[in-house]
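The values are calculated or read from the model by the stated rules, or taken from the named source; none is laboratory data. Every value quoted in this text rests on a predicted model; they were computed, and no experiment measured them. Every residue, glycine as well, gets a Cβ built from its backbone with ideal geometry; the counts of neighbours run over all protein chains shown.
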Amino acid sequence: MKFQLAINLERIDDSLDMQEVARHTLEMVQMADEGGFNIVWAAEHHALEMTIAPNPFSILAWWANHTDRIRLGTAVIAAPYWHPIKAAGEAAFLDLISGGRLEFGIGSGAYQREFDRMRPGLKQSDAWRYMQEMLPVIRALWKGDYEHNGEFWSFPTSTSCPKPLQTDVPVWVAARAPITYDYAVKNGCNIQSWPLTRGMDEAETYMGRMAEAMANNPGKPRPIMAMMRHTALYDSKDEWMVPIRAVQRQLSQFEGLFKNLGDVTNGFPKSIPLDQLGNRAEYDPEMLNKNLMFGTPDEVIEKLKLYQAIGVDEFIYYASLGLGLKEQKRSLELFCKHVIPAFS
């Protein structure tokens, strides 16, 4: 099993100085580079302090300049917010200056609130169509001259300048619905999946969807399957509530965004009290402790073996959960020192 890091410049409130957040995030990426992680991922989100990522390529270029080995991925660029020529060129430039370390993740976008600002009039539920039109266009632009006349974009003969350093850039899609698994297999894309706070049954469902997509597309190569969980390690079992409290606070903000309830002030979403949620059982401490990648190193190793057993190829350590900066660093230190060697 290989390991990937997903980390954001993140503020739950304005008590943290932005320069300190940036410095901390880079140090975490450097720890992952030195500690044996395979890929680090930068997201794309707009006007939200909990995920400060206006351009993942800028973030990755910053990280590329301060790392040596770790591969650099977009998780993900939101296709409806980009023109294909610009996305192709930005991605290729990042591949060039990083020495061929690009992993290209593309998706449809997450929150209706962002669509209302970045692509007014577009429903989040329809955005997958932009992603499915854009990906083959970008691949064609990376190869050479290409003219496009599509549903969402049209342009005369153009090409990507520069071209990627890699002859075959790895492509990833974020997949939850069966249609996306089928698209990934058909189009030679690796898969990122996220069971949110749900249990192993959700992870098994995703593996089943990939198996079904493989069966429906005989002869196609098997994608790399990566699965993400909020992750926090600690030295002693009596610390178990520290990440629980942090993730409950972050998820109380996430709920408002996910349901497009409004109430975002100066980039900070309002926290919805957990006792006011119809799905509050999803935030039960015991359940979160069981389902998320929380625990001592030995406990986390045992949890990861369950994912390995169902066929997950790479685990995505999701570091951004509102945990204190000191606790985040200790968690990653423990993971690099104890967990990665157990799977090498």
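Data table
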{"read-out": "Among residues of the stretch 215-249, those that are over 15 Å from Leu292 (Cβ atoms), part of a helix (DSSP H, G or I) and touching a helix residue (DSSP H, G or I) at 6+ places or on another chain (Cβ under 6 Å), counted", "value": "0"}
{"read-out": "Selection from the stretch 14-53 of residues that are farther than 25 Å from Leu251 by Cα, surrounded by fewer than 22 Cβ atoms within 10 Å (Cβ to Cβ) and touching a strand residue (DSSP E or B) at 6+ places or on another chain (Cβ under 6 Å)", "value": "Asn38"}
{"read-out": "Failed item, numbered, when Met287 is tested on (1) farther than 20 Å from Tyr111 by Cα; (2) under 22 Å from the mean Cα position of the chain (by Cα)", "value": "(2)"}
{"read-out": "Members of the stretch 301-344 found to be among the β-branched types (Val, Ile, Thr), closer than 15 Å to Gln4 by Cα and not in a helix (DSSP H, G or I), listed by number", "value": "Val312, Ile316"}
{"read-out": "Any hit, the stretch 162-171, residues being surrounded by fewer than 17 Cβ atoms within 10 Å (Cβ to Cβ), more than 24 Å from Gln4 (Cβ to Cβ) and touching an Asp or Glu at 6+ places or on another chain (Cβ under 9 Å)", "value": "yes"}
{"read-out": "Helices (runs of 4 or more DSSP H) completely within the stretch 46-136 that count 2 or more residues being more than 27 Å from Thr159 (Cα to Cα)", "value": "112-118"}
{"read-out": "Answer residue from the stretch 178-214, given it is modelled with pLDDT of 95 or more and of a type in the set (S, T, N, Q) and is farthest from Asn291 (Cα to Cα) among those", "value": "Asn187"}
{"read-out": "Flag if Phe258 is touching a residue at least 12 places away in the same chain (Cβ under 8 Å) and either of a type in the set (Val, Ile, Thr) or within 27 Å of Lys2 (Cα to Cα) (or both)", "value": "no"}
{"read-out": "Boolean, Arg11 is of a type in the set (Lys, Arg), in a loop (DSSP other than H, G, I, E, B) and over 16 Å from Tyr318 (Cβ atoms)", "value": "yes"}
{"read-out": "The lone exception for Thr197 - which of (1) hydroxyl-bearing (Ser, Thr, Tyr); (2) under 18 Å from the mean Cα position of the chain (by Cα); (3) assigned to a helix (DSSP H, G or I) it fails", "value": "(3)"}
{"read-out": "The stretch 300-319, residues that are touching a residue at least 12 places away in the same chain (Cβ under 8 Å) and either of a type in the set (D, E, K, R) or out of contact with any helix residue (DSSP H, G or I) (no Cβ under 8 Å at 6 or more places or on another chain) (or both)", "value": "Asp313, Glu314, Ile316, Tyr318"}
{"read-out": "Number of positions in the stretch 235-279 that are at pLDDT 95 or above and polar (S, T, N, Q)", "value": "2"}
{"read-out": "Residue satisfying all of: in the stretch 93-149; within 23 Å of Tyr181 (Cβ to Cβ) and among the small types (Gly, Ala, Ser); surrounded by the fewest Cβ atoms within 10 Å (Cβ to Cβ) among these", "value": "Ser125"}
{"read-out": "Enumeration of residues in the stretch 56-70 that are surrounded by fewer than 16 Cβ atoms within 10 Å (Cβ to Cβ), closer than 24 Å to Asn190 by Cα and of a type outside the set (Asp, Glu)", "value": "Ser58, Arg69"}
{"read-out": "Residue match in the stretch 148-156 (condition: within 30 Å of Gly262 (Cβ to Cβ) and outside any helix (DSSP H, G or I))", "value": "yes"}
{"read-out": "The stretch 147-169 residues that are without any contact (Cβ under 8 Å) to a residue 24 or more places away in the chain and closer than 16 Å to Glu90 by Cβ, paired with ones that are acidic (Asp, Glu) and surrounded by fewer than 14 Cβ atoms within 10 Å (Cβ to Cβ) (beta carbon under 6 Å, 6 or more apart)", "value": "Thr159/Asp145"}
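Residue by residue, here is whether (1) within 20 Å of Thr231 (Cα to Cα); (2) aromatic (Phe, Trp, Tyr) holds:
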position: Leu5; (1), (2): yes, no
position: Ile12; (1), (2): yes, no
position: Glu20; (1), (2): no, no
position: Glu34; (1), (2): yes, no
position: Ala43; (1), (2): yes, no
position: His46; (1), (2): no, no
position: Phe57; (1), (2): no, yes
position: Asn65; (1), (2): no, no
position: Ile70; (1), (2): yes, no
